[in-house]
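Participant: One structure, as structure tokens, below. Some questions next.
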Amino acid sequence: MFIHNFKYALKTLFRDKMLIFWTFAFPIILGTFFNMAFSNIENSEKLEIIDIAIVDNDEFQNNQLFKETFIALSDEENENKLFNIKYVTEEEAKQLLEKDEITGYMILEEDSPKIVVTTNGIDETIFKYAVEEIVTNGKIVENLMKKEIEQGLDSGTYNLYNLDYGKIYKSVLEKTQNQEVKIKNISNSNLSYTMIEFYTLIAMSCLYGGILGMVAINKNLANMSSNGKRVSVAPTSKGNVIFSSILASYITQLIGLSLLFVYTILVLKVDYGTNLPLIILLGIVGSLAGLSMGLAIGTILKANENVKTGIVIAVTMLGCFLSGMMGITMKYIIDKNAPIINKINPASMITDGFYSLYYYDTLDRYYFNIISLLIFSIIMVIISYTSLRRQKFESL
Amino acid sequence: MSPDAYEIKAKLGVVFQDVAVFEELTVYENIDYFCGLYIKDKEKRKQYIEEAIELVGLEEFKKYHPKQLSGGLLRRLNIACGIAHKPKLIFLDEPTVAVDPQSRNNILNGIQKLRDGGATIVYTTHYMEEVEIICDRIIILDKGKVLSTGTTDELKELAKIEEKVTVEVNDLNQKYLEAIRKLENVDEVIYNGNILLVTYKKGKNNLVELIEYLKKENIKYNKIYSERPTLNDVFLELTGKELRD
């Protein structure tokens, strides 16, 4: 019975032209437009260097990582130069910002950076991401130093009572430069904000799985469709029929997502990074979140299928908009002013997962997003299950 | 009946008023899908599907999708999906609504075959002539209440009229109509266009008396016939003639 229903659920999904358009064709078409539109913008903006200021206080002077990195990022000989930096006092930095001579300034307080900007734009976002990246790399260097010290003590290279931290730091940095340890270079070429657009595109594709989930539910519920009435009078368990339909929807969704990945990688030459298993895992979990969201909308709302489809599309597009699909600035604005929205927005979780996988070498943020998506999915499934359990029909 | 009363459900077949088929599947696949919810054995299912297709006369349309079918063919597919698994008790909810006469005839023949094959059929309809053709026992329901039950003859006996005479006649004036109303046993006289309808409370040979009157008054008529009250008359009499929502 399970296989019988699963087979026909797959057939109906693959032959539904509207579904195929939204889940297969639309993301590919949108991706193509993104590629045409944003690649030109990025190319034209690549040469622009951002004016910033850094408050040259004791904390900054004592923080080798920030000092060295900003020197590298403002080096005239660096073809990927990102910033023009003025090292000033906090008062001077404020004045420069007021006069609009700089995009923003950074001040280190108790080793944690504070960024001050007056507007939200691409330059401000790049500045913010660069600083975030330095913080992340700093943690990596810190861990490497710990390891270096442990190994040095074990091998007798270092003496516990006479540690030369400058030497150790230099040794670690040399290792990173020799690529024994991978730390990403923060430069214009790596801070491609169009990548965010493609991440949100993948997020959108994952969440469009919600349409498939909603359709799967609709076709099996007696109060939603005529076919559902027929299914409900058959001697088959509702759970069996619904689960096999959902599985078929999920597989259809994953096939659509795979096509989008293949198209963006091979045709649009999008670089999602090198960690393929984790990229696939994020796609699978993201699709699960989309599917479960569709199930919840399908079971809770008492409306026809077209209305529900419209709601799934609207929710997805809103989520993607807030996570930066129509401009990366939005992601920054939400992160800064209402971070809770991105914490509960599955599109943002997926986008941020890809982002962290691409830019960070630690996986903490990636796994945080994976777990967030799983929790979101579980909540949606519980809502759907509770709603389904309550449904009994006196008459059909 | 609880949702998991599978043994009982396996013996039921329901044909809903709304056509319930998958637009994405062909005629054969639709029947196979719904039949498969009851019959696991593939070979047996295949045989049942072929029989259902033959019963509703869709042999030439097996590979058609529902969108390619006419309203009548779609209704026949709807029936095939509901009865392919050979249920013992079949509920048919107005299966002939908005279908052409040929399809209606095919559907009624199919239902009679199912009945002859041993199935019990609960048939819901507003078409009384269909009831007279296929039903052994009838329940007249109005606003959820049972008004009357019985066979066709038993119900017809409930009618207050015993005979209806229809005459095709031109230019009948009010004077003649009043005179006909005063004839023995006449219940109601309706003259609409060139059709005169006279209903009688009693008797089965009122036709002769009416013909004699028409001859006496030298009124020419084209056609005249007598009939017993139909189920439609009974239905209208029991449920009232006022229009419903």
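Participant: How well do other chains shield peptide B:7-13, expressed as the mean number of their Cβ atoms within 10 Å of each residue Cβ?
Facilitator: Mean partner shielding for this stretch: 2.
Participant: Is there a simple number for the mean count of other chain Cβ atoms within 10 Å of the Cβ of residues in B:36-47, and what is it?
Facilitator: Counting Cβ atoms of other protein chains within 10 Å of each residue's Cβ and averaging gives 2.
Participant: Please list, in order along region B:164-169, the HN-Hα scalar couplings obtained from phi with the Karplus expression 6.51 cos²θ - 1.76 cosθ + 1.60 (θ = phi - 60°), rounded to whole Hz, x for Gly and Pro.
Facilitator: These are the phi-based 3J(HN,Hα) values: 10, 10, 10, 10, 9, 8 Hz.
Participant: In addition: Can you list residues from other chains, or at least 5 along the same chain, whose modelled amide H is less than 5 Å from the amide H of B:Val14?
Facilitator: Those qualifying (amide H under 5 Å, at least 5 residues apart or on another chain) are B:Phe91.
Participant: From the backbone phi of region B:11-19, what are the Karplus-calculated ³J(HN,Hα) couplings (6.51 cos²θ - 1.76 cosθ + 1.60, θ = phi - 60°) in whole Hz, Gly and Pro given as x?
Facilitator: Whole-Hz 3J(HN,Hα) from phi for region B:11-19: 8, 9, x, 10, 10, 6, 5, 6, 5.
Participant: Among B:33-40, B:185-192, A:292-299, A:60-67, what's the highest-first ranking by average C-beta atoms within 10 angstrom per residue?
Facilitator: A:292-299, B:33-40, A:60-67, B:185-192
Participant: Which angle from 0 to 90°, rounded to the nearest 10, does the C-alpha axis of helix A:122-155 make with the longest principal axis of chain A?
Facilitator: Once rounded, one gets 70 degrees.
Participant: From the backbone phi of region A:261-270, what are the Karplus-calculated ³J(HN,Hα) couplings (6.51 cos²θ - 1.76 cosθ + 1.60, θ = phi - 60°) in whole Hz, Gly and Pro given as x?
Facilitator: In residue order, the calculated couplings are 4, 4, 5, 5, 6, 7, 8, 8, 6, 7 Hz.
Participant: Tell me, how many Å apart are the Cα centres for region A:87-165 and for region A:301-356?
Facilitator: If you average the Cα positions of each part, the centres end up 30 Å apart.
Participant: Determine which lysines satisfy two conditions relative to B:Lys63: a Cα distance under 16 Å, and not lying fewer than 8 residues away in the same chain.
Facilitator: Those lysines meeting the cut-off are A:Lys11, B:Lys46.
Participant: Quick one: which of A:Lys238/B:Lys9; B:Lys164/B:Lys223; B:Lys160/B:Lys216; A:Lys302/B:Lys9; B:Lys156/B:Lys202 span more than 18 angstrom between C-alpha atoms?
Facilitator: Where the Cα-Cα span goes over 18 Å, the pairs concerned are B:Lys160/B:Lys216; A:Lys302/B:Lys9.
Participant: Based on the mean of other Cβ atoms within 10 Å per residue, sort peptides A:97-104, A:283-290 so the most packed one is first.
Facilitator: Highest to lowest by the protection proxy: A:283-290, A:97-104.
Participant: Could you list B:Ile133, A:Ile134 so that the one with the fewest beta carbons within 10 Å of its beta carbon is first and the one with the most is last?
Facilitator: If I rank by nearby Cβ atoms, fewest first, I get B:Ile133, A:Ile134.
Participant: Sorted by average packing, counted as other Cβ atoms within 10 angstrom per residue and highest first, what order do A:28-36, A:198-206 take?
Facilitator: Highest-to-lowest ranking by the protection proxy: A:198-206, A:28-36.
Participant: Mind checking the log10 I(q)/I(0) for region B:15-143 at q = 0.09, 0.23 Å⁻¹? Debye, one equal scatterer per Cα, no solvent, two decimals.
Facilitator: Summing over Cα pairs of region B:15-143 leads to -0.24, -1.48.
Participant: From the Cα gyration tensor of the protein assembly as shown, with a ≥ b ≥ c the square roots of its eigenvalues, which class applies: rounded if a/c is under 1.5, or else prolate if a/b is larger than b/c, or else oblate?
Facilitator: prolate
Participant: What residues qualify as long-range amide H neighbours of B:Leu147, i.e. H under 5 Å apart, gap of 5 or more or another chain, H built at 1.01 Å from N?
Facilitator: B:Ile140, B:Leu141, B:Asp142
Participant: Skipping prolines and chain starts, which residues have an amide H placed within reach, meaning under 5 Å, of the one on A:Ile50, given they are 5 or more residues away or on another chain?
Facilitator: A:Phe83, A:Asn84
Participant: Based solely on its DSSP helices, what 222 nm [θ] is calculated for the protein assembly as shown when runs of n ≥ 4 H residues each add -39,500 (n - 2.57) and the sum is averaged over all residues, nearest 500 deg cm²/dmol?
Facilitator: That calculation yields -18000 deg cm²/dmol at 222 nm.
Participant: Could you give log10 I(q)/I(0) at q = 0.22 Å⁻¹ for region B:163-228, computed by the Debye formula over C-alpha point scatterers of equal weight, without solvent?
Facilitator: The Debye formula, applied to the Cα set alone, gives -0.88.
Every read-out reported here was derived from the displayed coordinates using simple, explicitly stated rules and does not represent laboratory data. Since the structure is predicted, the reported quantities are computational estimates derived from the model, not experimental observations. Reconstructed Cβ throughout: ideal geometry from the backbone, glycine too, with neighbour counts over all protein chains shown.
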